[in-house]
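All remarks here apply to the structure that follows.
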Amino acid sequence: MDEELDIFEYFGIPVVINACGTNTRLSNGIMAPEVARAMAAASFACVNLVDLQAASSRVISDITGAEAGIVTCGASAAVLLGAAACMAGLDPAAMNQLPDADGLRHEFIVIRSQRNMYDRAIRVAGGTVKEIGIPDRYSGTGVRDVLPWEIEAALSERTTAIYYLAQPQSLPPLGAIVEVARAAQIPVIVDAAAQLPPAENLRRFIAEGADLVAISGGKALGGPPASGLLFGREKLISSALIQMIDLDLAPEQWTCTGEFRSLSQMRGLPHHGVGRSCKVGKQEVIGLLMALRMFVAESSETRTDRWVSRLEAVLAALPAGADYRAEIVPSGSKPGLPLLKLQFPSSERAAEVDGKLRVHLPPVHLDASRVRQGVLAVNPIALRDEDVPQLCGAISATCS
Ligand SMILES: *Cc1c(COP(=O)(O)O)cnc(C)c1O
């Protein structure tokens with residue numbers, strides 16, 4: 001552990017106490033030593049990236065139940081590559097054309113209540129977003145979200161796919177969307193970037209009929225921050241792969257593997273695709289595969305116990321007599337993830353404490369997503385056991 005602290009000190013970079021979760025802004029989380037060692041070991045030899053992704057596909061298929069899978073440089077990249085695959089299929093001319101989608105099916109249906117800035121990846125690939133539905137239950141003026149027939153009515157010869165944001169509150173249920181998509185023979189891309197835990201979600205969306213699933217490697221999986229998974233139908237995954245990898249080679253030198261067998265149907269070899277900017281290194285691929293294996297090897301109970309005991313250590317070291325009420329509670333959004341909730345008397349007070357902690361030395365970042373309810377929370381995922389004294393010292397200095 002000291003090794004990692006020293007490297008930041010060496011370059012003069014302050015280390016923060018991350019009690020806010022695996023946020024990209026704070027460099028995600030902490031990798032297990034096994035993952036870090038696997039990445040280092042991968043640095044000392046060269047491999048063919050297609051062989052590396054073929055091995056990834058075998059591991060990912062085994063764990064997710066999907067036909068095929070690849071490691072990408074993040075969930076956002078996975079959505080971009082998935083969108084490109086839905087637009088270009090196995091046509092090298094269409095691949096060469098993207099992100100110019102003229103003449104291609106390019107519309108992606110996005111349910112208005114599921115709009116989010118990550119769906120921009122669709123547009124980066126060359127697609128357009130078609131919003132549908134009036135989610136008036138969110139505006140407080142009604143009771144509905146979009147209904148499956150409204151999605152059906154929005155389909156046209158321009159429709160490429162349906163983008164579905166998987167969140168516990170997402171409506172309609174994925175199964176209803178899949179039914180509409182199957183009838184129209186268009187794929188469903190599920191953005192499940194942050195839907196772990198529970199571990200069952202690694203298989204769930206494929207089991208419910210999704211054609212492509214994107215998951216972040218740098219969040220709860222504990223992989224490298226710049227890693228992610230894209231898995232689903234072999235044909236779409238093969239298209240995504242060929243649009244990502246470097247293709248500076250003569251067509252006769254190209255060979256494909258059984259994992260990506262659909263590529264043998266291409267009438268020619270495309271140039272570098274729209275996904276070439278989503279390059280993923282061998283270190284990230286190996287690191288994520290190792291993290292994925294470790295994630296599924298640990299039982300949900302053990303993982304939760306590990307997080308709870310870290311929060312109990314924080315709770316035990318918090319100062320007495322402060323103006324918040326501290327309690328370990330389920331996160332609500334992620335089954336199996338506990339949070340240490342600090343309930344302040346007002347939202348202003350919570351915001352003031354949050355602001356002071358961010359400029360504390362070392363800077364302390366709590367989960368402030370419910371600051372308007374006067375709540376700050378300690379998220380255990382990216383917190384290290386050795387951070388506990390400094391975290392509690394900072395809270396003590398700020399709150400008493
Ligand atoms: C975090 C997140 C992403 C991006 O994940 P990266 O792995 O950082 O690229 C995409 N979509 C959603 C819904 C997310 O929460």
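The values are calculated or read from the model by the stated rules, or taken from the named source; none is laboratory data. What you are looking at is a predicted structure, and each value in this text was computed from that prediction instead of being measured. No Cβ is skipped: glycine too gets one built from the backbone with ideal geometry, and neighbour counts run over all protein chains shown. To get the accessible areas, we keep the full protein, side chains included, count just its heavy atoms, and leave off ligands, DNA and RNA. Shrake-Rupley method; radii C 1.70, N 1.55, O 1.52, S 1.80 Å.
Of these, ASP387, ASP354, ASP367, ASP323, which one is touching a helix residue (DSSP H, G or I) at 6+ places or on another chain (Cβ under 7 Å), touching a residue at least 40 places away in the same chain (Cβ under 8 Å) and not hydrophobic (A, V, I, L, M, F, W, C)?
Values: ASP387 fails: touching a helix residue (DSSP H, G or I) at 6+ places or on another chain (Cβ under 7 Å); ASP354 fails: touching a residue at least 40 places away in the same chain (Cβ under 8 Å); ASP367 fails: touching a helix residue (DSSP H, G or I) at 6+ places or on another chain (Cβ under 7 Å).
Result of the check over ASP387, ASP354, ASP367, ASP323: ASP323.
Residues in segment 98-122 that are surrounded by fewer than 16 Cβ atoms within 10 Å (Cβ to Cβ) and not in a loop (DSSP other than H, G, I, E, B): ARG112, MET117, ARG120. Is at least one residue of segment 190-209 outside any helix (DSSP H, G or I), more than 11 Å from the ligand (Cβ to nearest atom) and among the β-branched types (Val, Ile, Thr)? Checking segment 190-209: not a single residue is outside any helix (DSSP H, G or I), more than 11 Å from the ligand (Cβ to nearest atom) and among the β-branched types (Val, Ile, Thr).
Being touching a Cys at 6+ places or on another chain (Cβ under 6 Å) and within 16 Å of the ligand (Cβ to nearest atom) is the filter here; which residues of segment 219-270 pass it? If you could, list the steps in order and put the result at the bottom.
Taking segment 219-270 first, the residues touching a Cys at 6+ places or on another chain (Cβ under 6 Å) are 226, 244, 263-264.
Once the filter is applied, which keeps residues that are touching a Cys at 6+ places or on another chain (Cβ under 6 Å) and within 16 Å of the ligand (Cβ to nearest atom), segment 219-270 yields ALA226, MET244.
Going residue by residue through segment 381-390, is there one that turns out to be surrounded by fewer than 17 Cβ atoms within 10 Å (Cβ to Cβ) and over 28 Å from the mean Cα position of the chain (by Cα)? Within segment 381-390, one or more residues are surrounded by fewer than 17 Cβ atoms within 10 Å (Cβ to Cβ) and over 28 Å from the mean Cα position of the chain (by Cα). Being open to solvent by 20 Å² or more (accessible area, probe 1.4 Å), in a loop (DSSP other than H, G, I, E, B) and among the basic types (Lys, Arg), is that true of even one residue in segment 346-368? No, because not a single residue in segment 346-368 is open to solvent by 20 Å² or more (accessible area, probe 1.4 Å), in a loop (DSSP other than H, G, I, E, B) and among the basic types (Lys, Arg). Condition check: under 21 Å from the mean Cα position of the chain (by Cα) and over 30 Å from ARG261 (Cα atoms). Does ALA40 satisfy that? So ALA40 fails the test. No other residue among ALA94, ALA66 is open to solvent by less than 30 Å² (accessible area, probe 1.4 Å), modelled with pLDDT of 95 or more, within 30 Å of ILE186 (Cα to Cα) and part of a loop (DSSP other than H, G, I, E, B) apart from ALA66.
Check ALA93, ALA54, ALA42, ALA83 and return the single one that is touching a helix residue (DSSP H, G or I) at 6+ places or on another chain (Cβ under 6 Å) and over 16 Å from GLY228 (Cα atoms).
Working: ALA93 fails: touching a helix residue (DSSP H, G or I) at 6+ places or on another chain (Cβ under 6 Å); ALA54 fails: over 16 Å from GLY228 (Cα atoms); ALA83 fails: over 16 Å from GLY228 (Cα atoms).
Of ALA93, ALA54, ALA42, ALA83, the one residue that is touching a helix residue (DSSP H, G or I) at 6+ places or on another chain (Cβ under 6 Å) and over 16 Å from GLY228 (Cα atoms) is ALA42.
Across segment 130-143, which residue is farthest from LEU81 (Cα to Cα) among those that are out of contact with any helix residue (DSSP H, G or I) (no Cβ under 6 Å at 6 or more places or on another chain) and surrounded by 14 or more Cβ atoms within 10 Å (Cβ to Cβ)? Top of the filtered list is ILE134.
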